[in-house]
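Report on one structure; see the data block that follows.
The values are calculated or read from the model by the stated rules, or taken from the named source; none is laboratory data. The shown structure was predicted, so the numbers you read here are calculated from the model rather than taken from an experiment. So basically every Cβ, Gly included, is an ideal-geometry build from the backbone, and we count neighbours across all protein chains shown. The area values use the complete protein model at the heavy-atom level, side chains included, leaving out ligands, DNA and RNA. Shrake-Rupley method; radii C 1.70, N 1.55, O 1.52, S 1.80 Å.
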Amino acid sequence: MILNAALGSFMRTKITKAIAMALCILSPAANAYDKQLDARAIHEAYILGQRNDKSTGDFLAPYLTQITEPQNDVHIAEIELLTPFAQIVDESRRKASDGYTEQQAIQDYKAHGNTVKVNVTLMLPSAYPKTAESKEVPTPQPATGPEKSAIRPENFWQNFQFNLKQNGKTIPSRGISNQPVHSTATNTAPAVLTGENVWLEYDVRDVASDLTTVEVVTPQGKVIKATFDLKKLR
C-alpha cells in the first residue's frame with residue numbers, strides 16, 4: 001500500500017511537470033514572435049490571409065494603431081508594425097482576389113527575408129475632415145513660413161523622423177521607402193496627392209520580443225507614439 005501511494009505521488013508529480021511544461025510551450029512569451037518561418041508557418045499565414053474575413057481582421061488588429069489625437073497640419077493617421085508572419089497574412093489578404101498563390105507567398109518571403117516592417121500613414125490636412133469632437137478642441141495655428149515650406153506636398157514626408165525603440169534604445173533601420181496616396185479621380189476633379197505611406201524595414205535579429213515603440217517626430221517637434229507588445233504578437 002505504501003508502494004502504491006509512493007507510485008501515485010510520483011505519477012502526479014510527473015503529470016504536474018508535464019502540464020507545466022506544456023503551458024510554458026503554449027504561453028505567448030514562448031511563442032512570440034516568429035523570427036523565422038518554416039513551410040508550415042508560411043502556409044498558415046497564407047491561408048489566414050486568403051480567408052480575408054473576420055478572423056483575418058481580428059488577427060491583424062493588434063498590429064495596427066490608429067492615431068486619433070488632434071494634430072496640426074499633416075495628420076499621422078495610422079502606425080502599423082508587421083512581423084514576418086503578419087506580413088504574409090497582410091500580403092495574402094490584399095492580393096486574395098488577384099490569384100495570389102502560396103508559391104508566390106513563399107517566394108516573397110524568401111526575397112524579403114526575415115524583417116519587421118513599420119508602416120506610417122501620413123495624410124495631408126485636406127484629406128481628413130474635422131469631426132464634431134475635434135472641433136471642440138482648440139485648433140493649433142496653421143504652419144507658416146519655414147514650417148509651411150517643410151510640408152509642401154512633393155517632399156513633406158521627408159521632414160518627419162521615424163524611430164523604432166526598445167528599452168529606450170533606437171533600433172537602426174536597414175531601409176526606408178515611400179508610396180504616395182492619391183484621391184480617386186472623378187469626371188470633375190483629377191486625382192490629387194492626399195498623403196504618403198512610409199515603410200521602414202528592420203532586421204529581426206535587431207528586434208527582440210519585447211515592448212516596442214514607434215515614434216514619429218513632426219517637423220514642429222511633436223512626438224506621436226504607438227506601442228506594440230511583441231511578446232503577444234506572432
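Remarks
- Top-ranked residue of the stretch 59-90 - restricted to ones that are assigned to a strand (DSSP E or B) and of a type in the set (D, E, K, R), ranked as most open to solvent (accessible area, probe 1.4 Å): Glu78
- Members of the stretch 155-189 found to be open to solvent by less than 40 Å² (accessible area, probe 1.4 Å), part of a loop (DSSP other than H, G, I, E, B) and at pLDDT 95 or above, listed by number: Phe160
- Near pairs, Cβ below 8 angstrom, 6+ apart or cross-chain, from the stretch 207-231 (open to solvent by 40 Å² or more (accessible area, probe 1.4 Å)) to any residue that is in a strand (DSSP E or B) and among the basic types (Lys, Arg): none
- Odd one out for Gly195 among (1) surrounded by 15 or more Cβ atoms within 10 Å (Cβ to Cβ); (2) in a strand (DSSP E or B); (3) modelled with pLDDT of 95 or more: (3)
- The set of residues from the stretch 219-230 being modelled with pLDDT of 95 or more and in a loop (DSSP other than H, G, I, E, B) comprises just one member, Leu230.
- Here Arg12, Arg93 are screened, and the one residue that is open to solvent by 50 Å² or more (accessible area, probe 1.4 Å) and at pLDDT 95 or above is Arg93.
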